[in-house]
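The structure appears right after this line, and notes come after that.
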Amino acid sequence: MSAAGILDLTAAAAADAIAGGSLSAGELFNAYRERAVEDRAAGEAGLNCFTWVAEQSAGADHPGPLGGVPLAVKDLFCTEGIPSQAGSRILEGYLPPYTATVVSRLHAGGAPLMAKTNQDEFAMGSSNENSAFGPVRNPWDRTRVPGGSSGGSAAAVAAGLAPWALGTDTGGSIRQPAALCGIVGLKPTYGAVSRYGMIAFASSLDQAGPLTRDVTDAGLMLRHMVGRDPCDATSLSVPHEIELPSAERLDGVRLGVPQELTGEGIEPGVLDAFHAALERAQELGAEVHDVHLPHAPHALSAYYVLAPAECSSNLARYDGVRYGLRASDPHDLLDMYMRTRHDGFGAEVKRRIMLGTYALSSGYYDAYYGRAQRVRTKIAEDFRAAFEQIDFVLTPTAPSVAFRLGEKTADPLAMYLNDYCTVPMSLAGIPAISIPCGSSEGLPVGLQIAGPAFSENRLLDAALALEQSFAFDARPARV
Ligand code: GLN
């Protein structure tokens, strides 16, 4: 098979080609590895997707159900003996002594680790500009951001530098970059996937998930990620095995469109693509209903109390004693802590630690943290009530198409608004997928489909039917 032909295959198709003998796992690995090495060597002149690329495949002789298709993994997944810095200077030189459960499971399923991907520092960001490794560029237009925080994973898959990739989503970090890069991104139900070995941002929200070229690949990857892990007490066994999706129609499926997330603040071009997607859904037999999520407009405010609160606690461990960076020649312990954290953390991480510490301080705890928790409960109840009337909630994934590098860096609140449509699902712990549904100004637009907890199989089916009807098979020019 020609090199270009190899790169055109989806992960599932590549696995089939390997199983059928028309392609070898080694050939596939090397075809991608070569491109990843080139991007890495180009530094910021390239897309800057990768922080580390494997010398060779550590794949097993038997390719397994994932066929030997190589995997790119967000930097924040611990990988034994391999740099894992979560995009931060403070973890410079850190080589984890163990591997994250999801990465081990995917490896065992037959997806060898090929590369680690660039990300916003500790997964805080919506543009991948908050990385100690420099920004990632969007393959559709290099003057634009790929979204974040899993921007390296999304750009790599969109540009054909990796067949598929692992990301994490706390408030939108799989779905939003998937939307901005024109690929598929799935955030599973909270607890469906083990967080063991994922460098934590906000533990009650963080969840790993696939970034893939199509819905089938997302199902295939997820199938080998889920399940209870004794090392993560919040992980659960999923009630049904993840099936590969097969639906072609949406007959009788009730789709709910929440006014609160589909009006003000969404770019007109994005809304046009969203409405066109709803028409397609109706042609496939779906019913479209208005639905109300009355507390959803408060999701962002609650998230930006809760996530910083959790991060201020999770990031307390980076003090120069145990991991990575340590300030040189400190004159006492406090000086070492302070200079290590001053030099090691970037501006956004420091902002969140301060916000979170403030929100948790005695005297303010009830007013901020307690209140945000109550809003979170209300949001979960809104979804529960909505799912009594409808099967899925549909929204645009992000309020705009990919924006320009530097456009929002000076205005954190404008940056935070990117997550307006994705954060409610994160707070409710429910699964949501973003699939490309069209374009605006020549840039991809994502459609978000969210369902009740553990509805991944139905969600993937609905996403597949829509994906086929959108026939969005545009790809950025190959780099
Ligand atoms: N952009 C959001 C934030 O900065 C979400 C990040 C994420 O999901 N990891 O917190």
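Just so it is clear, none of the values below were taken in a lab; they were calculated from the coordinates. Here the structure is a predicted model, which means the values were calculated and not measured. Heads up, the Cβs are rebuilt from the backbone with ideal geometry, glycines too, and the neighbour counts pull from every protein chain shown.
If contacts are Cα pairs under 8 angstrom and at least 6 residues apart, what is the relative contact order of region 34-84 in percent?
Taking the mean separation of contacting Cα pairs over the length of region 34-84, I get 21 percent.
Between Asp272 and Ser313, with labels modelled 7 Å along Cα→Cβ, what's the label distance in nm to one decimal, could you check?
4.7
Assigning unit charges at the beta carbon (Lys, Arg +1; Asp, Glu -1) and nothing else, what dipole magnitude in debye, to the nearest 20, does region 118-207 show about its Cα centre? Walk me through the intermediate numbers first.
On the way: 6 positive and 6 negative charges, 36 e Å.
Computed about the Cα centre, the dipole is about 180 debye.
Enumerate lysine pairs in the chain that are 8 or more residues apart or on different chains, then count those whose Cα atoms are under 21 Å apart. Intermediate results must be reported in sequence, preceding the final value.
Values: Lys74/Lys116; Lys74/Lys187; Lys116/Lys187; Lys187/Lys378; Lys350/Lys408.
Summing the qualifying lysine pairs gives 5.
Report the one residue of Asn457, Leu360, Leu417 whose Cα lies farthest in the direction of the positive end of the charge dipole of region 356-477 (charges on C-beta: Lys and Arg +1, Asp and Glu -1; origin at the Cα centre).
Comparing the listed Cα positions along the dipole, Leu360 ranks first.
Which whole-Hz ³J(HN,Hα) couplings does region 226-242 yield from phi under the Karplus relation 6.51 cos²θ - 1.76 cosθ + 1.60, θ = phi - 60°, glycine and proline marked x?
6, x, 4, 10, x, 7, 10, 5, 8, 7, 10, 7, 6, x, 10, 4, 6
Taking the beta-carbon count within 10 Å as an exposure proxy, list Lys187, Lys116 from fewest neighbours to most.
Numbers: Lys187 33, Lys116 27.
Result, fewest neighbours first: Lys116, Lys187.
When the chain is fully extended, how far beyond the present Cα-Cα distance does Ala108 get from Gln259, taking 0.36 nm per residue of separation? Write out the running numbers ahead of the final one.
Numbers: separation 151, 0.36 × 151 = 54.36 nm, distance 4.36 nm.
Full extension from Ala108 to Gln259 adds 50.0 nm.
Between Arg384 and His342, what is the label-to-label distance in nm when each label sits 7 Å out along the Cα-to-Cβ direction?
4.9
For an R0 of 30 angstrom, estimate the FRET efficiency from the Cβ-Cβ distance between Thr377 and Glu279 and round to the nearest 0.05.
Numbers: r = 35 Å, r/R0 = 1.17.
FRET efficiency, Thr377 to Glu279: 0.30.
Once R0 is set to 41 Å, what does the formula 1/(1 + (r/R0)^6) return for the Cβ-Cβ distance between Val288 and Asp366, expressed as a FRET efficiency to the nearest 0.05? Kindly include the intermediate steps, with their values, before the conclusion.
Details: r = 41 Å, r/R0 = 1.00.
Here the calculated transfer efficiency is 0.50.
Just to confirm my numbers, what's the Cα centroid distance between region 120-178 and region 342-416 in Å?
Using only Cα atoms, the two centres lie 18 Å from each other.
Which order do Met225, Met1 fall in if you start with the one that has the fewest other Cβ atoms within 10 Å? Walk me through the intermediate numbers first.
Working: Met225 23, Met1 16.
Starting with the residue having the fewest Cβ neighbours, the order is Met1, Met225.
Let me have the relative contact order for the chain, percent, based on Cα pairs under 8 Å that are six or more residues apart.
Values: 1189 pairs, mean separation 83.7, N = 479.
Answer for the chain is 17 percent.
Only four residue types carry charge here, +1 at the Cβ of Lys and Arg and -1 at the Cβ of Asp and Glu. Report the dipole size of region 1-104 about the Cα centre in Debye, rounded to the nearest 20.
On the way: 5 positive and 12 negative charges, 38 e Å.
Dipole size: approximately 180 debye.
Taking 0.36 nm per intervening residue step and subtracting the Cα-Cα distance, what contour gain separates Met354 from Ser328 on full extension? Write out the running numbers ahead of the final one.
Numbers: separation 26, 0.36 × 26 = 9.36 nm, distance 2.45 nm.
That pair, Met354 and Ser328, stretches by 6.9 nm at full extension.
How large is the charge dipole for region 339-432, taken about the Cα centre, if only the Cβ atoms of Lys, Arg (+1) and Asp, Glu (-1) carry charge, to the nearest 20 debye?
Working: 12 positive and 10 negative charges, 94 e Å.
Rounded to the nearest 20 debye, it is 440 debye.
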